[in-house]
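Student: My structure is below; once you've seen it, I'll send some questions.
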Amino acid sequence: MKKLFLLIFPLLLISGCSKKMESPFSAQFLGTACFVNAFEQGSSGLYSKIFTRLEEIDSRFNVNNPLSDLSLVNSSAGEKSVPVHDDVAFVLETALSVAKKTEGIFDPSIGPLVKLWGINTDHEKVPSQSEIDEALSLVDYTKVEITEDGNQKKVFLKKKGMSLDLGGIAKGYAADEVAKILSEEKIDCAIIDLGGNIYVWGKKKNGAPWNVGIKNPFDENGSPALLLSCGENLSVVTSGIYERNFVQDGKLYHHILNPKTGFPGNDSYKSVTIISGSSMEADALSTSAFLLGPEKYFSLFDTPAIFISEDRTVLCSESLVQNLKADDGFVLKFE
């Protein structure tokens, strides 16, 4: 699980629109800690509406819930199509679009690999090559079919044993849905943090930009490596090898699995941060960018990205040149 800065500190530093924090919302959904602070406009009614929406999303996407839409789809793989809520259809369609553009480096059918490695569970392990090969034979986004029967969307996994895992995009969708509620309720200023998926909503009272600190991946409890200055209604999402990992025989294995090889991907970069008006986009692209590397990522996507490499070089989109400050020891380079 991504470590939160607002709750426990380390992932992201945010300077908010007010020091006064009235009735912030926090709860556990989608397997992670969720936090929303609407400051002076926070109310039990607002937070209840947010809680209800997150609970709905969790009930549809949580693969640990046997009655969730995803679990029902997975258990019917190779047998039949399963009706799903529009939430699930929309997120899955978006995930398949990213999968197609990245030629499968982002693959929502990665479930068999995630289960095999078991990272961040009590059965995490380095699988054998034969186990990985077997799991890889079940990972193929082109075998995920979405159909429509009247107004009802259905999902079919064409091969028995396939399974969806939308952990790389669902929290981003949830953050966007919380932002939608903030808009409907005419909230001026808020912070959303869903397991490290940060969304800064509205404008600070003093008119200054939001300041988001991006974690130093070399020092879990230290100060941020970078300070990002950004405007309103933006999401900042980081994927890094420090978030969920384990060590076996002296080697670190992290949770960002490459669906092409079956192993954790890209040892050259410690973390990748994406900045977007859509948290769902930022969520999916942070994983994609990490596995693609900067050269391939920047050739495919215009969405601003920040790569922190093993040698502490920070490769960033040119559009961020006026928005980033680096801590001592980090060197900024712009693409």
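Student: Give the accessible surface of the chain per residue, rounded to a whole number of Å², with probe radius 1.4 Å and ligands, DNA and RNA excluded. Spell out each step's value before the answer.
Tutor: Values: 14520 Å² over 335 residues.
Per-residue value: 43 Å².
Student: Then there is this: Going by Cα centres, region 117-156 and region 49-67 are how many Å apart?
Tutor: First find each Cα centre; the distance between them is then 20 Å.
Student: Number of Lys-Lys pairs in region 96-157 under 26 Å by Cα, sequence gap 8 or more or different chains?
Tutor: Counting lysine pairs in region 96-157 gives 13.
Student: Check the straight Cα-Cα distances from LYS49 and name the aspartates and glutamates below 13 Å, setting aside those fewer than 8 residues away within the same chain.
Tutor: GLU177, GLU184, GLU185
Student: Go through ASP107, ASP219 and list them by solvent-accessible area, largest first, probe radius 1.4 Å.
Tutor: Result, largest first: ASP219, ASP107.
Student: How high is the relative contact order of region 171-287, given as a whole-number percent (alpha carbon pairs under 8 Å, six or more residues apart)? It would help to have the intermediate numbers written out before the result.
Tutor: On the way: 209 pairs, mean separation 30.6, N = 117.
Result for region 171-287 is 26 percent.
Student: Can you list the aspartates and glutamates whose alpha carbon sits under 13 Å from that of LYS180, skipping same-chain ones fewer than 8 residues off?
Tutor: Within the straight-line cut-off, LYS180 pairs with ASP188.
Student: Using DSSP to define loop residues, name the trypsin sites (Lys or Arg not before Pro) in region 88-185 whose beta-carbon has at most 15 other beta-carbon atoms within 10 Å.
Tutor: Passing both the DSSP loop test and the Cβ count: LYS125, LYS158, LYS159, LYS160.
Student: Can I ask one more? Find the lysine pairs in region 181-335 meeting two conditions, Cα atoms under 13 Å apart and a separation of 8 or more places or different chains, and report how many there are. Write down the numbers at each step before the final one.
Tutor: Values: LYS186/LYS203; LYS215/LYS270; LYS215/LYS325; LYS325/LYS333.
For region 181-335, the number of qualifying lysine pairs is 4.
Student: Sticking with this structure for a sec: Ratio of Rg to Rh for region 28-169, alpha carbon only, Kirkwood?
Tutor: Rg divided by Rh gives 1.02.
Student: Follow-up. So what is the calculated 222 nm ellipticity per residue for the chain, using -39500 (n - 2.57) for each DSSP H run with n of 4 or more, over all residues, to the nearest 500 deg cm²/dmol?
Tutor: -8500 deg cm²/dmol
Student: Obtain the radius of gyration and the Kirkwood radius of the chain from its C-alpha atoms and give Rg over Rh.
Tutor: On the way: Rg = 19.5 Å, Rh = 20.4 Å.
Taking Rg over the Kirkwood Rh, I get 0.96.
Student: For region 182-272, take the convex hull of the Cα atoms, compute a quarter of its surface area, and give me that in nm², please.
Tutor: Averaged projected hull area, Cα only: 8.1 nm².
Student: Provide the solvent-accessible area of ILE256, counting protein heavy atoms only and rolling a 1.4 Å probe, rounded to the nearest 10 Å².
Tutor: Surface open to solvent at ILE256 totals about 10 Å².
The values are calculated or read from the model by the stated rules, or taken from the named source; none is laboratory data. Just so you know, these numbers come straight off a predicted model, no measurement behind them. Backbone-built Cβ (ideal geometry, glycine too); neighbour counts: all protein chains shown. Just the protein is used for accessible areas: all its heavy atoms, side chains included, with ligands, DNA and RNA removed. Shrake-Rupley method; radii C 1.70, N 1.55, O 1.52, S 1.80 Å.
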